[in-house]
Structure formats: structure tokens, C-alpha cells
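Read the structure below first, then the notes.
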Number of protein chains: 2
Amino acid sequence: VVQASIITIGDELLIGQTVDTNSAFIAQELNKLGIWVKRRIAIGDKREDILDALGTESKECKIVIITGGLGPTADDITKPTLCEFFDAKLVVDEGALENVKYIFTRINRPLIERNLKQAEVPDKCIVLPNLRGTAPGMWFEKEGIVYASLPGVPHEMEGLLINSVLPKLKEHFQMPAIVHKTLFTAGKGESEIAELLVEFENNLPVHVKLAYLPSYGMVKLRLTGKGNEQHQLEEEISALANGLKSIVKEWLVAEEDISLQEALNKLLKQENKTLATAESCTGGFIAHLITSIPGSSAIFNGGVISYANEVKVSVLGVKRNTLEQFGAVSEQTVIEMAEGVTRQMNTTYGLATSGIMGPDGGTPEKPVGTVWIAVTNGSLTKTQKFQFRFDRKRNIQLTANAALNMMRLFILAGN
Amino acid sequence: VVQASIITIGDELLIGQTVDTNSAFIAQELNKLGIWVKRRIAIGDKREDILDALGTESKECKIVIITGGLGPTADDITKPTLCEFFDAKLVVDEGALENVKYIFTRINRPLIERNLKQAEVPDKCIVLPNLRGTAPGMWFEKEGIVYASLPGVPHEMEGLLINSVLPKLKEHFQMPAIVHKTLFTAGKGESEIAELLVEFENNLPVHVKLAYLPSYGMVKLRLTGKGNEQHQLEEEISALANGLKSIVKEWLVAEEDISLQEALNKLLKQENKTLATAESCTGGFIAHLITSIPGSSAIFNGGVISYANEVKVSVLGVKRNTLEQFGAVSEQTVIEMAEGVTRQMNTTYGLATSGIMGPDGGTPEKPVGTVWIAVTNGSLTKTQKFQFRFDRKRNIQLTANAALNMMRLFILAGN
């Protein structure tokens with residue numbers, strides 16, 4: 001199997017100010033092609049460390065992907081060091097220079113010296129045009145190893161990887177056939193699912209792997225098969241996925257690698273229905289997830305964040321008496337919130353959340369992590385109580401996913 | 001200077017399904033102590049690769065922090081491999097076992113065999129108690145190098161690092177004095193700030209570094225000084241920070257490393273004022289940012305997400321005529337949205353956003369990235385138009401930060 005290494009360059013990674021999302025993106029894309037990422041390594045803007053990493057990684061891998069160190073405020077060390085490693089010298093690339101000038105004209109900002117330097121590249125590289133920014137990508141080949149150096153800005157790196165690097169890798173290497181199949185479950189913990197799948201996993205052929213990808217109340221199960229014959233492998237993985245499906249069917253959300261909000265979006269579009277949200281403890285996070293999907297205006301009319309009790313009464317029509325008798329975090333209150341927002345925004349469905357996210361606000365009867373969720377179609381309303389633990393951020397994410405999943409199940413049940 | 005290496009273990013990092021946020025957290029905390037992270041490396045659940053990484057990293061660094069590979073569904077390879085590296089054997093730790101049993105009792109779930117195995121540790125380690133989960137941390141010393149092995153769950157890793165690992169590192173190593181000072185700016189680009197700071201940077205003494213930490217319309221500037229005498233270094237960094245402040249004062253948000261929503265939260269609390277939001281294009285993301293801060297209910301009454309025009313009219317009181325004449329993405333509409341939500345939620349201030357986030361919905365007059373933002377105190381209302389580019393996710397984040405910053409400046413101006 002062809003192995004790759006990812007080198008990310010930048011002091012910002014070593015002082016911990018930047019979370020490295022690029023490596024995950026690159027690894028995902030390489031995996032889809034059947035390239036195994038053996039290691040990922042992050043180093044600072046330092047000549048010796050860059051040379052050292054290029055040396056060690058190219059000994060074990062046929063592909064070395066480098067990101068970062070090419071921005072306008074970078075310490076100008078990556079490109080000279082690449083020149084040293086590849087025995088090259090820096091020259092201005094006319095295409096890249098035109099691109100820098102074009103971008104600055106378009107955004108109507110003055111072009112300064114340090115931006116012009118972005119058009120310089122080592123003369124031993126093939127320039128990969130960057131349609132989304134000023135720093136071009138670079139492709140090198142040396143002693144049977146290929147190297148791609150990409151800017152660190154995620155949006156730019158992603159464009160270059162998809163449009164230039166992956167097609168060139170496909171051309172360059174004889175890849176095995178590779179087939180992935182993801183089953184997406186929600187509402188059951190990782191360990192519990194693992195227990196159910198012990199026998200299934202033991203019976204998997206050696207060329208098929210099962211990966212568990214858990215996050216906030218969801219677990220994605222990904223089967224990956226490698227082989228020589230694409231069509232035969234597809235059939236084999238499809239049969240295995242059916243076996244897996246029959247074990248986890250009770251918690252199955254989708255047979256693809258999407259998010260819970262995408263699954264709900266698809267379901268609402270398919271049924272031509274609309275949704276509104278009334279959020280207390282989740283503070284707008286559910287609406288944010290729903291509206292992060294392009295085209296969500298077709299299914300989402302809007303929402304109310306009723307943080308103050310007064311807003312629950314005046315905007316959502318929750319009865320003052322309900323709040324006084326049962327409190328804001330109660331079954332009765334979320335029912336009135338969900339029904340109120342559905343009425344007010346004139347939607348098919350409504351969902352509501354109220355809970356105590358922490359760190360403060362807990363009581364012995366309603367400790368931190370207590371959450372009530374309601375889903376309604378205006379006439380029938382279902383509720384559920386959850387008891388999470390963890391910190392505020394996790395509680396908000398767990399509540400949002402639980403609510404999205406309840407809504408989905410409510411619609412699927414024919415309500 | 002004491003150097004550290006961070007090794008993260010897990011196939012999920014190499015298939016790209018997990019974004020490694022742990023390394024950034026660990027790097028930040030080590031840096032605060034004056035420990036320089038030389039490299040970060042991610043490897044799979046494979047004996048040879050783990051041994052190889054432990055070998056190479058311990059050659060160059062005095063501290064090796066290892067995360068991951070300890071969960072209940074891990075392939076049981078990290079602990080046996082640590083045993084091999086440290087010439088140890090696995091034994092049950094009674095304290096860790098009690099902790100596993102206690103956690104399962106508390107969450108009321110059946111304890112299964114694979115959870116019990118989490119209490120096994122190499123007999124050459126000092127056990128670091130995990131108060132947040134089942135897998136204990138482990139501390140090793142060998143030939144002058146210290147190693148800490150921590151679980152990969154961020155919440156658990158963070159607790160162990162802060163409560164156990166950092167105090168032990170401080171005990172173990174003679175650290176230099178280290179002083180950080182962060183100035184937080186918003187509204188000015190990274191390259192433009194860098195241009196203003198050329199002379200300042202050139203005049204910095206060699207033991208002081210300036211780091212640029214940009215994200216979505218904000219740039220944090222962090223001065224880090226290293227020296228022998230804490231008090232003298234503090235005075236020096238303080239004087240340099242004052243010089244820096246005088247150059248960037250126009251865009252200065254805070255003299256500490258906080259978020260824009262924290263800065264706004266503090267300002268509102270200090271003035272004893274309240275806020276409501278009316279979001280169209282940001283879809284609840286601004287409210288989410290505000291409510292992600294514990295205790296935000298003191299300053300935030302709530303918000304309306306008016307995705308559909310009908311909701312702008314019925315809930316926020318935007319005039320139908322305004323929408324027809326100027327469109328949803330217009331100065332007139334955001335003014336009425338901001339004033340409407342302020343009135344309705346009875347707050348001191350209101351803010352509103354309306355724009356086209358993409359990828360669809362743009363027109364020649366209002367291309368993708370067109371955004372109107374309004375801030376109001378109920379009588380005076382200020383507006384600003386922005387033209388972003390990039391993708392949907394970036395546009396939402398840029399709009400949210402621009403709105404939070406406008407609100408902050410509006411309050412600071414005495415409105």
C-alpha cells in the first residue's frame with residue numbers, strides 16, 4: 001500500500017494557538033484514494049527541523065504533503081529550505097504573480113512587497129495554481145518520492161488538494177481498489193455498540209477494517225475494504241454493510257457520512273415540511289447547526305432564543321403560571337415553548353430545549369446536565385428528559401444532537 | 001530551554017476523522033510554563049510506530065507527552081507497548097479500579113470486561129488519577145526523560161494535564177522565567193497590522209518574541225519574553241506591551257487572551273446592561289457565541305432567528321413594505337430588525353444581521369458575502385455594510401465577529 005506523511009509547518013502549531021484541521025482533511029482525502037497516512041508531524045518555522053522532517057518522512061513514505069509556512073507574515077523560511085532540500089533556487093513564477101495582482105485588484109487593497117514575494121517559487125517545482133489565495137502550491141519529485149507543498153489557510157489548501165494534488169497522485173501511483181461505507185448511528189454509546197459488534201468484527205476478512213467514529217451522542221461506523229478488483233470489492237463491502245445494518249438498525253440515522261442536521265434537512269425537504277426552534281439552554285446552537293446547511297431556508301422558518309423567562313412568556317406564549325409552578329427547566333415549559341414557536345412561525349414542526357448547562361445553576365433536584373426536550377407537530381407533542389454530565393460546551397452539543405435526533409425520529413414515526 | 005514533544009496515538013487521526021485539538025491545548029499549557037514544544041507527531045495504533053516515536057522523540061526532548069490509545073475500544077496496543085518500552089508489566093491499580101467502578105455506578109450503566117481493563121497500568125509508572133473518566137494517566141521517568149501518557153478524550157486529558165502533569169513538570173525541571181502578554185485587536189487584517197509593526201518587531205530584544213494569531217477578523221498579538229529574573233522580565237514586557245498598544249490602539253479590544261463575546265459580556269456586565277439579537281444570515285450563531293459564556297443570562301435576554309421574511313414581519317415587526325421595497329438584505333430591514341427585537345425583549349441594546357452567506361442566493365447587486373449589520377440602543381441605531389468573500393462557514397463567522405465588535409464599539413462610544 002502507498003504510504004504518505006503529512007508535515008505541517010508553523011510556530012503557531014507549537015505554541016498551540018492553531019488547531020490543525022488541515023491534517024485531518026488531507027488524511028481523509030488520501031484515505032479515500034487508498035493511500036495510508038503513516039504519520040503526521042508538526043514542526044516550527046526552523047530550517048533544521050524542516051530539513052530533518054523532509055529527510056525522515058521521505059525515507060518511509062512515497063508521498064509527503066507539506067502545509068503552512070507560505071503566508072505573507074511567515075518567516076520566509078519554508079521556501080528557501082525547500083530550495084536547499086531540492087537543490088533549487090527561487091524564481092518569480094509569472095502565473096502566480098498575475099494571480100497575486102488579480103486578487104489585490106479584486107479586493108481593492110494596496111499590493112505590498114511581502115505579497116509580491118508570494119509569487120516566488122523554487123525552479124525545480126511544478127506550480128499548482130491557487131484559485132483561492134495568493135500563495136501557489138508546489139509539486140516536487142525527487143528519487144521516486146513526490147512532495148506537495150501547500151499554503152496553510154484551510155480554504156486555500158483544500159482547493160489545491162482537491163483540484164491539483166489528488167488528480168496528480170492518481171496519475172502517478174498505481175492505487176489498489178478501495179471502498180468505504182459509513183453507517184451513521186445516534187442515541188447509543190460507543191462501548192455499547194462495540195459490545196454488539198464483537199462477533200461481526202471477529203468475522204471480518206483481513207482486508208476489511210471497521211472504524212468507530214464517535215462524537216456527541218453519535219457514532220459513525222466506517223467499513224473500509226482494500227483489494228484488486230473494484231467491482232467485486234464493492235459487492236463484498238455492500239454485503240458486509242447490510243450485515244452491520246441489521247445489527248444497529250435501531251439507531252441507524254443514515255447510510256452515508258453526513259451530519260444529523262443534514263439528515264434532518266433531507267427528511268424535511270423530502271416531505272416538504274418546515275421547522276421552527278425554541279431554544280433556552282442551547283442558546284441558538286441548534287438553529288446554527290440547521291442553518292449551517294446551504295439551502296436550509298426551504299425547511300427552516302426561524303427560531304426564538306428564550307433565555308430570559310420573560311421572553312418565554314412574551315414571545316413564545318408560555319404561561320406565567322407554568323413557569324412559577326414547574327420552573328423553566330420542566331416538561332410543561334418545553335411543551336409550551338415548542339407548541340408556541342410552531343404556532344407563531346407557522347411551521348409543520350417545532351422543537352424546544354430547556355436545561356442547565358453548567359457550570360452554575362444546578363440544584364439537588366435539577367443538577368447540571370438536566371435537560372428537557374420537546375418536539376411537536378402542533379397537535380401531538382413528545383418530550384424526553386436527559387441527564388448529561390461533562391462541561392457546558394459538551395452539554396450544549398449533546399443537547400443539540402439529542403434534539404435533532406428526536407425531531408428526526410418523530411417525523412419518521414409518521415407524525 | 002526545556003523542550004517537549006507531543007505524541008498522539010490513534011488510527012482515527014490518520015484516517016482524518018478526528019481533528020487533534022489535544023495537541024494545541026497541551027502546547028499552550030506547556031508554553032505558558034516556558035517549555036518549548038519542538039515537535040508534534042501523530043501515529044497509528046501500531047506497536048512499531050509507537051516504539052519508533054518514543055525512541056526518536058526522547059532523543060531530542062526532555063519531556064514526552066503521549067495522548068490517546070487508552071479508550072475502551074482502543075486496540076489494546078498502547079499500554080503493552082509502553083510496558084515494552086519501559087521494561088514493565090501490566091498490573092491492576094486498585095485506585096484506578098475503584099474509580100472505574102465508581103463512575104459506572106454513578107452513571108448507572110453495566111460494567112463490562114473491557115472497562116475493567118482500563119484499571120491496568122505498567123508497574124513502572126506513577127498513576128495519575130483521572131477524575132473525569134475511567135482511563136488513568138501514567139507518569140514515567142527513564143534516563144533523565146519524563147513521559148506522561150494521557151487518555152485522548154479532551155475533557156479527561158485536560159483535567160489530568162492541569163491537575164497532575166503540569167505541577168509535576170514544575171517540580172521536576174528548573175524553568176526559566178517566562179512572561180506572556182496578549183493584545184487582542186479586531187477590525188484590521190493581519191498583513192496590515194504586520195506592516196504597522198515592522199519597526200517595533202525589528203527593535204525587539206532577542207529574548208522577546210511577537211506572535212500573530214489571526215482568526216476571522218481578529219488578530220491577537222502575543223509578546224513572550226524569556227529570562228532569568230521574573231520581576232525584571234515582567235517590567236520589560238509590560239513596557240514593550242505599552243509600546244505595542246500605542247501602535248494598535250485604534251483596533252484594541254482587550255489586553256488579555258479572551259474572545260470577542262467574552263469582551264462584550266464583560267462590558268455589558270460592567271455597565272449593567274442587556275442585549276437581544278435578531279439574526280437572519282447568521283442563523284443563531286451570534287446568540288450561540290454569547291450564550292457559550294457561563295453566566296450570560298445576566299446580560300442576554302434572548303434573540304429571534306428570522307430566517308423567513310414572514311417571521312421578520314410577524315415576530316420582529318419589520319414592515320412588509322420595507323421588505324418589498326428594499327429586500328431582506330438591506331440597511332432599512334436590519335434597522336427595523338434591531339429596533340424590533342430591542343423593543344420586544346425589553347433590552348438596553350439590540351443587534352441585527354441580514355446577508356447572503358452563499359454558496360447560492362447571490363445577485364449582481366448583492367453578491368454572496370453582502371452583509372448588513374445594525375446595532376441600536378432603542379433610539380439611536382448605527383449600521384454598516386460588509387462585503388465578505390469565502391465560503392458559507394467563514395462568512396457566518398466573519399459576520400458574527402463583525403457584529404459583536406460593532407456592538408462593543410457602540411457601547412464604548414457612550415451610546
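The values are calculated or read from the model by the stated rules, or taken from the named source; none is laboratory data. Because the structure is a prediction, the values reported are computed rather than measured. Don't worry about glycine lacking a Cβ; one is built from the backbone with ideal geometry, like all the others, and counts go over all protein chains shown. Just the protein is used for accessible areas: all its heavy atoms, side chains included, with ligands, DNA and RNA removed. Shrake-Rupley method; radii C 1.70, N 1.55, O 1.52, S 1.80 Å.
Summary value for chain A: 10 percent relative contact order, contacts being C-alpha pairs under 8 angstrom separated by 6+ residues. Bridgeable lysines around B:Lys124 (alpha carbons under 16 Å apart, same-chain partners fewer than 8 residues away excluded): B:Lys79, B:Lys89, B:Lys142. Residue order by solvent-accessible surface for B:Arg222, A:Arg389, A:Arg343, A:Arg320 is A:Arg343, A:Arg320, A:Arg389, B:Arg222, largest first, with ligands and nucleic acids left out and a 1.4 Å probe.
For the rotational copy pair A/B, the chain A residue whose Cβ lies nearest the symmetry axis, together with its distance in Å, is A:Gly284, 2.
Of all aspartates and glutamates in the structure, those lying under 14 Å Cα to Cα from B:Lys168, and not within fewer than 8 positions of it along the same chain, are B:Glu29, B:Glu141. A drop of at least 30 square angstrom in accessible area, chain alone versus all protein chains together, probe 1.4 Å. Which residues of the stretch A:292-328 meet that? Checking the loss per residue gives A:Pro294, A:Asn301, A:Gly303, A:Ile305, A:Tyr307, A:Val311, A:Val315. Sequence-distant contacts, meaning Cα pairs under 8 Å at least 6 residues apart, place the relative contact order of the stretch B:208-256 at 23 percent. Candidate cross-link partners of A:Lys385 among the aspartates and glutamates, defined by an alpha-carbon separation under 19 Å and a same-chain spacing of 8 or more, comprise A:Glu279, A:Glu331, A:Glu336, A:Glu339, A:Glu365. Let me make sure I get this right: for chain A, a, b and c are the square roots of the gyration tensor eigenvalues over alpha carbons, sorted descending. Under 1.5 in a/c it's rounded, otherwise prolate if a/b > b/c, else oblate. Which is it? Verdict is prolate for chain A. About the centre of its Cα atoms, the protein assembly as shown shows a dipole size close to 2020 debye [charges on the beta carbon of Lys, Arg (+1) and Asp, Glu (-1) only; nearest 20 debye]. Between A:Lys168 and B:Glu250, the distance separating the two model label sites (each 7 Å from Cα on the Cα→Cβ line) works out to 4.1 nm.
GNM on chain B, alpha-carbon springs under 10 angstrom: the most fluctuating residue among B:Tyr147, B:Tyr212, B:Tyr102 is B:Tyr102. Checked against a 32 Å cut-off, the cross-linked pairs A:Lys170/A:Lys249; A:Lys101/B:Lys266; A:Lys366/B:Lys266; A:Lys181/B:Lys38 give Cα-Cα distances beyond that limit for A:Lys170/A:Lys249; A:Lys101/B:Lys266; A:Lys181/B:Lys38. Remark: accessible surface ordering of A:Ile43, A:Ile126 (largest first) is A:Ile126, A:Ile43, probe radius 1.4 Å. Using only the Cα atoms of the stretch A:318-405, build the gyration tensor, take square roots of its eigenvalues as a ≥ b ≥ c, and label the shape rounded, prolate or oblate: rounded if a/c is under 1.5, else prolate if a/b is larger than b/c, else oblate. Note, shape of the stretch A:318-405 comes out oblate. Accessible area of chain A with a 1.4 Å probe: how many percent of it is carbon plus sulfur? Accessible surface attributable to carbon and sulfur in chain A totals 49 percent. Of the residues B:Ala328, B:Ala211, B:Thr282, the one whose Cα sits farthest toward the positive end of the charge dipole of the stretch B:188-329, with +1 on the Cβ of Lys and Arg and -1 on the Cβ of Asp and Glu, is B:Ala328.
Here is the interface size for A with B: some 6500 Å² of accessible area buried, both sides summed, with a 1.4 Å probe.
In order along the stretch A:379-387, phi translates into HN-Hα couplings of 10, 9, 10, 10, 10, 8, 9, 10, 10 Hz, rounded to whole numbers, per the Karplus curve 6.51 cos²θ - 1.76 cosθ + 1.60 with θ = phi - 60° and x for Gly and Pro.
With R₀ fixed at 51 Å, the C-beta to C-beta distance from B:Phe104 to B:Glu48 puts the FRET efficiency at about 0.90. Averaging the sequence gap over all C-alpha pairs within less than 8 Å and six or more residues apart, then dividing by the number of residues, gives the stretch A:218-303 a relative contact order of 24 percent. For chain A, complete DSSP H runs whose alpha carbons reach 24 Å or more along their own long axis and whose mean Kyte-Doolittle score is -0.5 or higher are A:230-248, A:392-412.
As a test question: what accessible area, to the nearest 10 Å², does A:Lys269 have when a 1.4 Å probe is rolled over all protein chains in place? Accessible surface of A:Lys269 is approximately 90 Å². Rolling a 1.4 angstrom probe over the protein heavy atoms with all chains in place gives the protein assembly as shown an accessible area of 41 Å² per residue.
Taking a sphere under 11 Å around the Cβ of A:Asp257 and counting the other residues whose Cβ falls inside, with K and R at +1 and D and E at -1, yields a net charge of +1.
Selection among A:Leu221, A:Met407, A:Leu150 by position relative to the dipole of chain A gives A:Met407 as farthest towards the positive end (Cβ unit charges, Cα centre).
Overall, the stretch B:103-211 carries a charge dipole of about 600 debye about its Cα centre when +1 sits on the Cβ of Lys and Arg and -1 on the Cβ of Asp and Glu, all other atoms neutral.
Distance distribution P(r), the protein assembly as shown, all Cα-Cα pairs, bin width 10 angstrom from 0: 2, 12, 20, 25, 23, 14, 4, 0 percent.
Label-to-label distances for B:Lys89 across copies, nearest first, come out at 6.5 nm, using points 7 Å from Cα in the beta-carbon direction.
Here A:Asp257 yields copy-to-copy label distances, from shortest upward, of 3.2 nm, the label point defined as 7 Å from Cα along Cα to C-beta. For GluC sites (Glu not before Pro), the sites in the stretch A:290-381 that DSSP calls loop and that have at most 12 other Cβ atoms within 10 Å are A:Glu365. The separation of the stretch A:207-235 from the stretch B:319-338, counted between C-alpha centres, amounts to 50 Å. Relative to one another, the C-alpha centroids of the stretch B:362-394 and the stretch B:123-170 are positioned 47 Å apart. Gyration tensor analysis over the Cα atoms of the stretch A:82-166 returns equivalent ellipsoid semi-axes of 23, 16, 9 Å (largest first, whole Å). With its label point put 7 Å out from Cα toward Cβ, A:Gly187 sits 4.9 nm from the same residue's point in the other copies, in order from shortest. When A:Ile335, B:Ile15 are compared by accessible area at a 1.4 angstrom probe, the order from most to least is A:Ile335, B:Ile15.
The residue list A:Thr78, B:Leu111, A:Asn309 was ranked by how far each Cα lies along the charge dipole of the protein assembly as shown toward its positive end, using unit charges on Cβ atoms, and A:Asn309 comes out on top. Here the dipole of the stretch A:291-379 is about 180 debye; that uses its Cα centre as origin and unit charges on the Cβ of Lys and Arg (positive) and Asp and Glu (negative).
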